[in-house]
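Structure, as structure tokens:
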Amino acid sequence: MTTAAGAIALAALAAAFTARSPAVAAAATLLLSLALLAGRSWPISLVLVLLGTIYVIPEGDRAIPAPIYAGALLLIAELAYWSVGDRAAGRIEPGTATPRLLGILAVVVTGVAAATLVLLASDSDVARSPARTAGAVGAILACVAVLGALARSPHPRS
């Protein structure tokens, strides 16, 4: 299955699981299909906004939890942009598809796990205290420091 077909299939599944607005879901899936056929990247963002908006329409319980849905949207975006990017002129080295796909899946799984932890933490009934607040601020600053260090690190050249 190509990345374009995967992105379209995931968009259709995401829309089906949120069957709150079938017309918008069908429009998003059709728009993604047309964008990938035409090789245009700008409609992909619109598709993601439409699918995200469908999820937040208030109507009873959610079919799937928000972290999993967000992971599906991230996977749709990555596969769709990958599909559009493959059309660009340039040489694609053989054997790069599998590591790239594994990297994308690793990011999605990590994101879903992190979002699930945040969701569980937000639902917990933990009393607030200055020590816990300071610990949370420290964790945020540590994350920012790690991201800053990664951003400044030299990229390997081929």
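Yes/no per residue for (1) under 26 Å from GLY71 (Cβ atoms); (2) part of a helix (DSSP H, G or I); (3) among the β-branched types (Val, Ile, Thr); (4) in contact with a strand residue (DSSP E or B) (Cβ under 7 Å, 6 or more places away or on another chain):
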| site | (1), (2), (3), (4) |
| --- | --- |
| TRP82 | yes, yes, no, no |
| PRO94 | no, no, no, no |
| LEU105 | yes, yes, no, no |
| VAL108 | yes, yes, yes, no |
| ALA115 | yes, yes, no, no |
| ALA121 | yes, yes, no, no |
| GLY135 | no, yes, no, no |
| ILE140 | yes, yes, yes, no |
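Kindly indicate the residue of the range 33-47 that is of a type outside the set (D, E, K, R) and not in a helix (DSSP H, G or I) and also farthest from TYR81 (Cα to Cα) among those meeting that condition.
So the first thing to find is which residues in the range 33-47 are of a type outside the set (D, E, K, R), and the list is 33-39, 41-47.
Pick out the ones that are also not in a helix (DSSP H, G or I) and you get 39, 41.
On the way: GLY39: 9, SER41: 7 Å.
It comes out as GLY39.
Is it the case, given these coordinates, that LEU36 is farther than 25 Å from THR116 by Cα and modelled with pLDDT of 85 or more?
Details: farther than 25 Å from THR116 by Cα: yes; modelled with pLDDT of 85 or more: no.
Answer is no for this residue.
The set of residues in the range 142-158 that are closer than 23 Å to GLY85 by Cβ and outside any loop (DSSP other than H, G, I, E, B) comprises LEU150, ALA151. Comparison of THR29, THR2 shows that the only residue that is more than 26 Å from ALA121 (Cβ to Cβ), hydroxyl-bearing (Ser, Thr, Tyr) and modelled with pLDDT under 80 is THR2. Applying a threshold of 7 Å to beta carbon distances and a minimum spacing of six or more residues, or different chains, the list of pairs starting in the range 43-57 at a residue that is surrounded by 14 or more Cβ atoms within 10 Å (Cβ to Cβ) and ending at one that is aromatic (Phe, Trp, Tyr) reads ILE44/TYR81; TYR55/TYR69. Filtering the range 39-60 to residues that are among the hydrophobic types (A, V, I, L, M, F, W, C), at pLDDT below 80 and under 18 Å from LEU74 (Cβ atoms) leaves ILE54, VAL56.
The values are calculated or read from the model by the stated rules, or taken from the named source; none is laboratory data. The structure displayed is predicted, hence computed values, not measured ones. In this analysis, Cβ positions are derived from the backbone assuming ideal geometry, glycine residues included, and neighbour counts consider all displayed protein chains.
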